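Rule-based calculations on the coordinates, nothing more; no lab input. Quick caveat, the model's predicted, so the values are computed rather than measured. All Cβ positions, even for glycine, are placed from backbone atoms using ideal geometry, and neighbour counts span all protein chains on display.
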Amino acid sequence: MTFLDESEDFHERVRRFARGESAESFDALALEIARFQARHSPGFARLVQARGSRLERLEDVPGVPCDTFRLARVALHPPELDEVRFTTSGTTGAPGVHSMRTTRTYRELSLRSGAHALKAWSGSAVVAALARPPGRPATSSLGFMMRAMFEEFDGRGSERWLVHEHGVDVLGLEAAVRTARERGEPLLVLATAFALVALLDSLGGRSLNAPLGSTLMQTGGFKGKTREVAPEALCASVASAFGIARSRVIGEYGMTELTSQLYESSEAPGIYREPRWLRVIPVDPATLDPVSAGEIGIARIVDLGNVDSAVVVVAEDLVRRRGAGIELCGRRSGAPPRGCSLALESLLVGA
Amino acid sequence: MDAQVRVRRLIDAARQIADPETPLGKLARERLPDSTGLSPAGVDFALRQSLEADATDAEIEALCQAATPVGHAHVLLSANVFVAALRAIAIALAAAPRVSVRSSRREGVMAELLQSGSDAFDRVEALEPRPGDHVWAYGSDQTIESLRQSLPPGVVVHGHGTGFGVAVVELDGAAELEPIAAALARDVALFDQRGCLSPRICIVLAERARARRFAEETARALGELELSIPRGRLSAEEAADERRFRDAAAFAFELFAAGQGAVSFDAGGERWIVPPAGRNLHLARADVRDLARLGQLEPSIVALGVSAACPVRDELRALLRYARVSALGSMQRPRLDGPVDRRCGALPRDW
């Protein structure tokens, strides 16, 4: 079997697993993908060797630190086979790049988890994004996902990108609300946190009065682009501004280095649920051993969707297991905030 | 008491501390491992190598003549390099008859020993400068900035913040690798690499195979040095940063074990990264024309260790105007001629 055949086969198996059409176990599939990656990625093979892993159990698979995407190409295939190159949004130093040979798996997985968490389905809502348009091809994984949601959940050919160089397009958002009311459909707003703060500032206390059943997906941090607002306060303010229940403001956790996303539970605010094809394990930041139940660790993330890059990544985000979900507890202290670091990330000079 | 007498009393105390046979020298070796985190041998190594106890009369005279007399000088010490207390306090004593010193919370032993041996300054819990006083502050950029903001107008702050060292090694065909690597290893190992003079990056001007051999040799030299001067303990944050660096570097580059530390080697020289402290070095092969890239790091480079022919040395001096330039193996023992950090001058509080 050629590399491409093998890769395609893994993608198909992951998609089947995500649909619930496969009897394979998560661990076995992840381990197989890790072995595939060790065969085709010299960098990952070096990491496996440096950690003395024999790749016999999923727990033995070394996680690739997210920093690695800034230092080296984390992809099994050659650059000429890249369909997209998603770049991280850091403002200093070299950006990280997640190259994908195919976006088919990314699209299917992100729509599947988005549909479940946001209670959206094909052609069911008027969709608006409080974000800048991502360009074609998209270099932002978030932008790519939002565009896929436009196509799937709205499906009428229009893309409402409502952040421009002068700020949030409040008139455009109000027009989207009117359209949703006229169609008798809920509004689905996809927004970054800093755009929401800018929106709240622009609204000055006015309510948008979104239709019943409307949902807002909130993602990302502030990255110094606007004033910072405590997450819970932001959710409450945004819910009030749209005239929707707090439980309809759903947090999304994703990163360029992943293919999959976690969404906040509408029943348990602050708790993020993993889709069946992704697992988060809180680990000790120095030893990378799992921490005790209920303790905070950094996120070791097994993402079956990362077939052609790194099936296990280690992020600097602090997480804690809470029942069937994960609580996000900020960034590791000592670790610089993403995009504004003074350590490993920004003191990096590219050729 | 004139300035030179004040400084000499301090240097006399330093001589006692450097001498393992004196009561102060014994006390230093007993208490400093605990307060610094260095191994006992690491403390002794630092006292013998980097404490300016052998400052000459001419150096003391020059230091005092260069000082601008002030009435009251204040010193905020950093915890990272314990011997730096001597130079910091000497600079203040050269300028003022009254000197108040506040140690860091983590390491207060060295100032205590110097005070006990010299009775030349006061140790205080909090700095309370008045307008017209001068403050010499050592620590992170954030610490210095928050200090600057907290002081009344009219106080002059001499801030010495975050920085690190860079080594540049030119290997012509005749150069013996072993002594150069051994000298570099000494510079790296001192203070377990926590100082602003400690080299974190080494740029190697050589063809690939020879540069790689030098990386191996440096790793071997660090490992060998560790047998006689063990690495001390790392904080939890340092240990986490080290794990993150090693895993990312193992993937992105070639990684050589160097005792408890590591040497990453980038044969392509495309990425120059700054590894965390703890005897970790990033070694990048480069051509002479690549040296200009160091200019991007200039604001952070305090020291430059060079093993190269004159043209390269001259180019580096011109490129990094504020860095202290020295031979490899001597990066951590600059003459007592003012602050080791030459990157900034005195700025008034309200600058």
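Using θ = phi - 60° and the Karplus form 6.51 cos²θ - 1.76 cosθ + 1.60, what ³J(HN,Hα) does each residue of segment B:235-246 get, whole Hz, x for Gly and Pro?
Once rounded to whole Hz, the list reads 5, 4, 5, 4, 4, 5, 4, 5, 4, 4, 4, 5.
For a Förster distance of 30 Å, can you work out the FRET efficiency between the beta-carbons of B:D172 and B:Q296, rounded to the nearest 0.05?
0.70
Quantify how strongly other chains surround peptide A:37-45 by giving the mean number of their Cβ atoms within 10 Å of each of its Cβ atoms.
Mean inter-chain Cβ contacts per residue within 10 Å come to 1.
So, in nm, how far is label A:R39 from label A:R206 when the simple model puts each one 7 Å beyond its Cα toward the Cβ?
6.0
Which whole number gives the average count of other chain Cβ atoms within 10 Å of the Cβ atoms across peptide A:67-74?
Counting Cβ atoms of other protein chains within 10 Å of each residue's Cβ and averaging gives 5.
Can you give me the long-range amide H partners of B:V70? Hydrogens built in the peptide plane at 1.01 Å from N, cutoff under 5 Å, separation of 5 or more residues or another chain.
Placed amide hydrogens put B:A96 under 5 Å from B:V70.
For the protein assembly as shown, restrict the atom set to alpha-carbon positions and state the Rg and Dmax in Å.
Expressed in Å, the Cα Rg and Dmax of the protein assembly as shown come to 28.6, 90.
Assuming R0 = 41 Å, what is the FRET efficiency of B:A66 and B:E224, from their Cβ-Cβ distance, to the nearest 0.05?
So the FRET efficiency works out to roughly 0.55.
If the only charges are +1 at each Lys and Arg Cβ and -1 at each Asp and Glu Cβ, what is the size of the charge dipole of the protein assembly as shown around the Cα centre, to the nearest 20 debye?
1000
Counting alpha carbon pairs within less than 8 Å and at least 6 residues apart, what relative contact order, in whole percent, applies to segment B:164-327?
30
Just to confirm the number: angle between the C-alpha axis of helix A:3-19 and the first principal axis of chain A, 0 to 90 degrees, nearest 10?
Result, in degrees: 50.
From the helices alone, meaning DSSP H stretches of at least four residues, give me the mean residue ellipticity at 222 nm for chain B, per-run term -39500 (n - 2.57), in deg cm²/dmol to the nearest 500.
The per-residue figure over chain B is -13000 deg cm²/dmol.
Of the DSSP beta bridges with both residues in segment B:164-327, give the percent that are antiparallel, rounding to the nearest 5.
In segment B:164-327, DSSP labels about 15 percent of beta bridges as antiparallel.
Enumerate the amide H contacts of B:V306 below 5 Å, restricted to partners 5 or more residues apart or on another chain; note that Pro and chain-start residues carry no placed amide H.
Answer set, sorted by chain and number: B:V168, B:S326, B:A327, B:L328.
Could you give the size of the charge dipole of chain A about its Cα centre, using +1 on the Cβ of each K and R and -1 on the Cβ of each D and E, expressed in debye and rounded to the nearest 20?
480
For segment B:160-175, what does the Karplus curve 6.51 cos²θ - 1.76 cosθ + 1.60, with θ = phi - 60°, yield as ³J(HN,Hα) per residue in whole Hz, taken in order and with x for Gly and Pro?
Once rounded to whole Hz, the list reads 10, x, 4, x, 7, x, 10, 10, 10, 10, 9, 10, 7, x, 8, 5.
Could you work out the relative contact order of segment B:132-182, using alpha carbon pairs under 8 angstrom and six or more residues apart, expressed as a whole percent?
39
Compute the Cα gyration tensor for chain B, then decide on rounded, prolate or oblate, letting a ≥ b ≥ c be the square roots of its eigenvalues: rounded whenever a/c is under 1.5, prolate when a/b is larger than b/c in the other cases, and oblate in all that remain.
prolate
Put +1 on the Cβ of every Lys and Arg and -1 on every Asp and Glu Cβ in segment B:3-162; which of B:G42, B:A85, B:S104 then has its Cα farthest towards the positive end of the dipole?
It is B:S104, whose Cα lies furthest towards the positive end.
What is segment B:1-143 by shape, rounded, prolate or oblate, if you read a ≥ b ≥ c off the alpha carbon gyration tensor as root eigenvalues and call it rounded for a/c under 1.5, prolate for a/b larger than b/c, and oblate otherwise?
oblate
Could you tell me which of rounded, prolate or oblate describes chain A, using a ≥ b ≥ c as the square roots of the eigenvalues of the alpha-carbon gyration tensor, with rounded for a/c under 1.5 and, failing that, prolate when a/b is larger than b/c and oblate otherwise?
Here chain A falls in the prolate category.
Short version: ³J(HN,Hα) in whole Hz for each residue of segment A:308-320, in order, from phi by Karplus 6.51 cos²θ - 1.76 cosθ + 1.60 (θ = phi - 60°), x for Gly and Pro, what are they?
Each residue's phi maps through the Karplus curve to give 9, 10, 9, 5, 10, 10, 10, 9, 8, 7, 8, 9, 9 Hz.
Could you rank the peptides B:212-219, B:193-200 by their average count of other C-beta atoms within 10 Å per residue, with the highest value first?
B:193-200, B:212-219
Ignore the peptide's own chain and count Cβ atoms of other chains within 10 Å of each Cβ in B:266-274; give me the average, rounded.
So the per-residue partner count for this stretch is 5.
At 7 Å along the Cα-to-beta-carbon direction for both B:D12 and B:T56, put a label point, then send me their distance in nm to one decimal.
According to this spin-label approximation, the distance is 2.2 nm.
Projecting each Cα onto the charge dipole of chain A (Lys/Arg +1, Asp/Glu -1 at the beta carbon, about the Cα centre), which of A:T103, A:L318, A:I244 comes out farthest on the positive side?
A:I244
Please list, ordered by chain and number, the residues whose modelled amide H lies under 5 Å from the amide H of A:G251; skip anything fewer than 5 residues away on the same chain.
A:Q218, A:E264
Looking at the protein assembly as shown, what % of its DSSP beta bridges pair antiparallel, to the nearest 5?
40
Before anything else, pin down the relative contact order of chain B: Cα pairs under 8 Å, at least 6 apart, normalised by residue count, whole percent.
Reported relative contact order: 19 percent.
Which listed residue (B:G25, A:T87, A:G20) has the Cα farthest towards the positive end of the charge dipole for the protein assembly as shown, taking +1 on Lys and Arg C-beta and -1 on Asp and Glu C-beta about the Cα centre?
About the Cα centre, the residue reaching furthest to the positive side is A:G20.
Dipole magnitude of segment B:164-327 about its Cα centre, charges +1 at Lys/Arg Cβ and -1 at Asp/Glu Cβ only, in debye to the nearest 20?
The dipole of segment B:164-327 has a size of about 260 debye.
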